[in-house]
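Report on the following structure.
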Amino acid sequence: VADREARHAIELARRGIFRSPRQHSYVLPGFWDGGDRIVVRFSPVEGGQWDYLVTSNIAAWDGQKGNFNAAASDSKGFIHPAALHHWAYSEKANGLDQGHLWMGVSEPRFAFLDDAAFHAVVDARAAQKFNHLRSPIFGQGSDPALFQGPDVPNLAFFQRLDQRVRYLNQRGLIADLVLVRRPSELQRLVPSQDQLRRLARYIAGRYAAMDVTWQLVEEFEGEVDARALLKDFGAALKQADPYLHPRTAGARITSAPLLDDGWMNFAAYGSPDDSVAAVEHQL
């Protein structure tokens, strides 16, 4: 792909539309994965025959359709909020929700550890019975940048991150992906609304089919226009993720004030004061 084309390659394959045996539709954005390779990454969540349709601004791909069979699985599915204060898996057992107790641990260097150290950390956390690993994907100092421009992903970085999220999932851990440190860093990375939405589609295209949760920023307080920026980014991510994985923003105290903006589906707390959450839950 020529440099000019690469800058817009995120948009080449618009989407794959998958229809389940029970007639539920899942629309996933395609993403550029180097050279002339465009990927639509998908996880079937029902056993049986699935139909698919590809829509694209490349004429040879537009309108391509077909079907495939997915084997039945004993997977509990992805998690979602249940009854406001609890978590449940998407797959029910005997018609009842299967509850999920979120037991999380953070690994700030998740994306940048060498392979041996990464596997050792994940194996240790799995043995300790954690089921979430909070995983910032941004670096610091001499760490490689995620993007070499607003529409030019660092493919080596993201391909390595793919392998790490897969390994977490294989070991029974959900990847709680923290996407950027501060809203101002997001603004510098993608200064226009179109670029912001393309970034959301790219992230969803790569990781929505995996077992993840979304935390847009490490903390949002104290920055000009942070709420409006996160509202746009969160809404775009929500729209691009048909599995509707849990979405929030990190906070020094609480991200609950952002719930009214409609893109978050759970609040995160940075304060050790239990009364903050207690009062907000009452409200």
Practice task
Please specify each residue of segment 177-187 satisfying the condition of being hydrophobic (A, V, I, L, M, F, W, C) and either outside any helix (DSSP H, G or I) or open to solvent by 10 Å² or more (accessible area, probe 1.4 Å) (or both).
Solution key: Leu177, Val178, Leu179, Val180
Fill in the blank from the handout: Output for Cβ contacts, cut-off 6 Å, separation at least six or different chains, first residue within 24 Å of Leu133 (Cα to Cα) and in contact (Cβ under 8 Å) with a residue 60 or more places away in the chain in segment 214-236, second open to solvent by 50 Å² or more (accessible area, probe 1.4 Å) and of a type outside the set (Val, Ile, Thr), reads Glu218/Arg181
Handout entry: In segment 86-98, residue farthest from Pro246 (Cα to Cα) [restricted to those that are open to solvent by 60 Å² or more (accessible area, probe 1.4 Å) and not in a loop (DSSP other than H, G, I, E, B)]
Key = Leu96
Exercise for the section: Name the single residue, out of those in segment 244-277 being in a helix (DSSP H, G or I) and in contact with a Leu (Cβ under 9 Å, 6 or more places away or on another chain), that is surrounded by the fewest Cβ atoms within 10 Å (Cβ to Cβ). Expected result: Asp261
Completion exercise
Val190 vs (1) open to solvent by 10 Å² or more (accessible area, probe 1.4 Å); (2) over 23 Å from His80 (Cα atoms): all pass except (1)
Handout entry: Residue ID - most open to solvent (accessible area, probe 1.4 Å), chosen from residues in segment 35-64 that are assigned to a strand (DSSP E or B) and within 19 Å of Arg22 (Cβ to Cβ)
Key = Gln49
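Yes or no, residue by residue, for (1) within 21 Å of the chain's Cα centre (by Cα); (2) among the polar types (S, T, N, Q); (3) at pLDDT 95 or above:
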| site | (1), (2), (3) |
| --- | --- |
| Ser73 | no, yes, no |
| Val105 | yes, no, yes |
| Leu133 | yes, no, yes |
| Gly139 | yes, no, no |
| Leu146 | yes, no, no |
Practice task
Output the number of the condition that Gly77 fails; it satisfies all remaining conditions of (1) assigned to a loop (DSSP other than H, G, I, E, B); (2) open to solvent by 60 Å² or more (accessible area, probe 1.4 Å); (3) touching a Phe, Trp or Tyr at 6+ places or on another chain (Cβ under 8 Å).
Solution key: (2)
Completion exercise
Conditions (1) more than 20 Å from Ser75 (Cβ to Cβ); (2) touching a strand residue (DSSP E or B) at 6+ places or on another chain (Cβ under 9 Å) -> Val122 fails only (1)
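The values are calculated or read from the model by the stated rules, or taken from the named source; none is laboratory data. Computed from a predicted structure; not experimentally measured. As a convention, Cβ positions derive from the backbone with ideal geometry for all residues, glycine included, and neighbour counts pool all protein chains shown. Only protein heavy atoms, including side chains, enter the accessible area calculation; ligands, DNA and RNA are left aside. Shrake-Rupley method; radii C 1.70, N 1.55, O 1.52, S 1.80 Å.
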